[in-house]
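Trainee: Below is the structure I would like to discuss, written out as structure tokens.
The values are calculated or read from the model by the stated rules, or taken from the named source; none is laboratory data. All of these numbers come straight from a predicted model, not from anything done at the bench. For neighbour counting, all protein chains shown are included, and Cβ atoms are generated from backbone atoms with ideal geometry for every residue, glycine included.
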Amino acid sequence: MLKAEAFEVAKVREDFPILKRKVHGKRLVYLDNAATTQKPQLVVDALVDFYTRYNSNVHRSVHTLGEEATAAYEAARSKTAKFVGADPKGLVFVRGTTEATNLVRFAWGEKNVKKGDVLVATLMEHHSNIVPWQLLARSKGATLKYVGLNPDGTLDMGQLEDLLREAPRLVAVAHCSNVLGTINEVSAICAMAKKVGATTVVDGAQSVPHMPVDIGAVGADFYAFSGHKMLAPTGVGALAARKELLEEMDPFQSGGEMIKEVFEDHSTWNDVPYKFEAGTVNIADAIGLGTAVDYLSSIGMERVRKHEVALLDYALRALSEVKGVKIYGPPDPARRGGVVSFNYADVHPHDLATILDEEGVAIRSGHHCAQLLMRWLDVPATARASFHVYNSYDDVDALTAGLHKAGKLFRL
Amino acid sequence: MSSADIYREVILDYYRHPRNFGKLEKFDIDSHDSNPLCGDEIEMQVQVGSGQKMEEVKFTGKGCAISQASVSMLTELAKGKPLGWVKELSKEDVFKMLGNPDLGPSRVKCALLGMKVLKTGVYGYLGAQYEEKDEGELP
């Protein structure tokens, strides 16, 4: 088949020094991008530049280094907000998606969820978009209910409509499943939820790194994503929300930076988003996220998406030609993100991952922090290959060759 | 590491045709554990006979070839041995049983899950016996 490229992948690969390393003497074929992506030299340089040239705390130091650090940190916020169509005043830097959902649980949930309320999540959520709501429901005496899936791995919209009739307080949904790859119709879901007065939380951990996202157009009340899955360092991510909504909320963590004035018996809160950034923030990594955003923007998210759809199409065809491979999720590449979960005959995903590792191919195996989905699929685990900008058709071929080797070893 | 060394014929045979797979009707020890990282699960049951011998040992579980073959082979080794044998059992014994494959650190846990379940069960059983005895001597 035609191996078209949305951009010059070989050139992009040169930006990622780690791709030159060998694993067990073989070329590294990194297909675990849904877990975390590799970092371009530019991002690593941004960290070194910060620590070697202008390392300083932000917002309160009036000296030159402090002003440079503050400017770079706030520039990273503006860039990141613009990248996802969010208001910079409503973009809170957090550790990652998990901290973002926990922030919503405490700062919004404690105040707004009452006994007897219904909260809604889906069976395809990552644990980070389930467990905070479980704990919130438990502490408030609310009930957490789940939207099920259609056989093709898409959301059962009829079931969602039924649950919305119960006027839930919260609807939590992934923009893109980290296992099935299913791209959910989040703008429609948010509009439906809004009609019944539900607050929406969208997990964008697998969408923002891989496709153009306009949070304004999605219409979510809260939208969360992680930096490390989009070429940025670990330890930084963002929660985007309307400024007014953040203003109504109580603080999440408390201490320095998040206050306006402190008295003996009470304190007043800093303006948003600073109200939610207690303590010394993760300055260097936020600047790194800004650099990753620049890098992705220079390629263009439309082209990133086009590249991943092409790889996905190629991979789905190649894998389905291997006898014994069962692929999960929607068959249409246009309806899924760049992630393929599958099982291969009776080869356990962990055994498969070990065999592939020996060939230099890094995939993920396990439950992918989605145990409700594993139970729905009726499997203990799956193998998962996921793509990003530096993956090539050769990488997919290496995966397929590795499967054939596993097949031989397991006498299939 | 060579996966050809790990996935030898005998390992695959135990994975696909596990010996002593199932549940016991009468048992004195029932032990269960899982590996949250991979979701490997093992339950082991032991019937203890005279002379503190493990007369029957069975297991159920699901997981990768390494964890399931390892526990199945372990039940065969354990059967007929006294409980004290379990106390002496070491990681090295399990690796030897598996043919000394060069496992990475994450897969070592798979190989040792069965031993962990057996030891937990036997130690718990011996501990309970110890508490029942007033003399304070280990059974």
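Trainee: Can you tell me which residue among A:Thr80, A:Thr98 is within 30 Å of A:Val379 (Cα to Cα), assigned by TED's automatic domain parsing to the domain that holds A:Tyr274 and in contact with a helix residue (DSSP H, G or I) (Cβ under 9 Å, 6 or more places away or on another chain)?
Mentor: A:Thr98
Trainee: Wholly within segment A:335-412, which strands (runs of 3 or more DSSP E) include no fewer than the required count, namely at least 1 residues that are among the hydrophobic types (A, V, I, L, M, F, W, C)?
Mentor: A:339-344, A:382-386
Trainee: Which one of the conditions (1) modelled with pLDDT of 95 or more; (2) surrounded by fewer than 18 Cβ atoms within 10 Å (Cβ to Cβ); (3) within 20 Å of A:Ala385 (Cβ to Cβ) does A:Met1 fail to meet, given that it meets all the rest?
Mentor: With respect to (1) modelled with pLDDT of 95 or more; (2) surrounded by fewer than 18 Cβ atoms within 10 Å (Cβ to Cβ); (3) within 20 Å of A:Ala385 (Cβ to Cβ), A:Met1 is out only on (1).
Trainee: Further question on the same structure: Restricting to segment B:98-116, name every residue that is away from chain A (no Cβ under 14 Å) and modelled with pLDDT under 95.
Mentor: Selection gives B:Gly99, B:Asn100.
Trainee: Next up: Could you please find all residues in segment A:314-336 being in contact with a strand residue (DSSP E or B) (Cβ under 9 Å, 6 or more places away or on another chain), under 19 Å from A:Lys3 (Cα atoms) and touching a residue at least 60 places away in the same chain (Cβ under 8 Å)?
Mentor: Scanning segment A:314-336 gives A:Ala315, A:Leu319.
Trainee: Give me the strands (runs of 3 or more DSSP E) completely within segment A:107-210, filtered to those with at least 2 residues that are in the same structural domain as A:Gln253 (by TED's automatic domain parsing), touching a residue at least 40 places away in the same chain (Cβ under 8 Å) and within 25 Å of A:Ser341 (Cβ to Cβ), ordered by residue number.
Mentor: Output list reads A:118-122, A:170-174, A:199-203.
Trainee: Here's a follow-up. Would a scan of segment A:14-26 turn up a residue that is in a helix (DSSP H, G or I), of a type in the set (A, V, I, L, M, F, W, C) and modelled with pLDDT of 95 or more?
Mentor: Among the residues of segment A:14-26, at least one is in a helix (DSSP H, G or I), of a type in the set (A, V, I, L, M, F, W, C) and modelled with pLDDT of 95 or more, which makes the answer yes.
Trainee: Which is in the same structural domain as A:Ala174 (by TED's automatic domain parsing), within 22 Å of A:Leu103 (Cα to Cα), among the charged types (D, E, K, R) and within 20 Å of the chain's Cα centre (by Cα), of A:Asp221, A:Asp250, A:Asp271?
Mentor: So the residue among A:Asp221, A:Asp250, A:Asp271 that is in the same structural domain as A:Ala174 (by TED's automatic domain parsing), within 22 Å of A:Leu103 (Cα to Cα), among the charged types (D, E, K, R) and within 20 Å of the chain's Cα centre (by Cα) is A:Asp221.
Trainee: Counting only residues that are at pLDDT 95 or above and either in contact with a Ser or Thr (Cβ under 6 Å, 6 or more places away or on another chain) or among the hydroxyl-bearing types (Ser, Thr, Tyr) (or both), how many does segment A:59-90 have?
Mentor: The qualifying residues number 9.
Trainee: If you go through segment B:3-12 one residue at a time, do you hit one that is part of a helix (DSSP H, G or I), free of Cβ contacts under 8 Å to residues at least 24 places away in the same chain and of a type in the set (Asp, Glu)?
Mentor: Taking every residue of segment B:3-12 in turn, at least one turns out to be part of a helix (DSSP H, G or I), free of Cβ contacts under 8 Å to residues at least 24 places away in the same chain and of a type in the set (Asp, Glu).
Trainee: Could you grab the pairs with beta carbons closer than 6 Å, sequence gap of 6+ or different chains, first residue in segment B:57-79 and within 14 Å of chain A (Cβ to nearest Cβ) and among the charged types (D, E, K, R), second one surrounded by fewer than 23 Cβ atoms within 10 Å (Cβ to Cβ) and assigned to a strand (DSSP E or B)?
Mentor: Qualifying pairs under 6 Å: B:Lys62/B:Glu41.
Trainee: Turning to a different aspect of this structure: Taking only pairs six or more apart or across chains, which ones have beta-carbon atoms under 6 Å, a first residue in segment A:359-378 that is closer than 17 Å to A:Thr400 by Cβ and away from chain B (no Cβ under 11 Å), and a second residue that is small (Gly, Ala, Ser) and part of a strand (DSSP E or B)?
Mentor: Note: pairs meeting the criteria are A:Ile363/A:Ala383; A:Ile363/A:Ala385.
Trainee: Still on this structure: Just give me the residues in segment B:1-45 being modelled with pLDDT of 95 or more and of a type in the set (Lys, Arg), in sequence order.
Mentor: B:Arg16, B:Arg19, B:Lys23, B:Lys26
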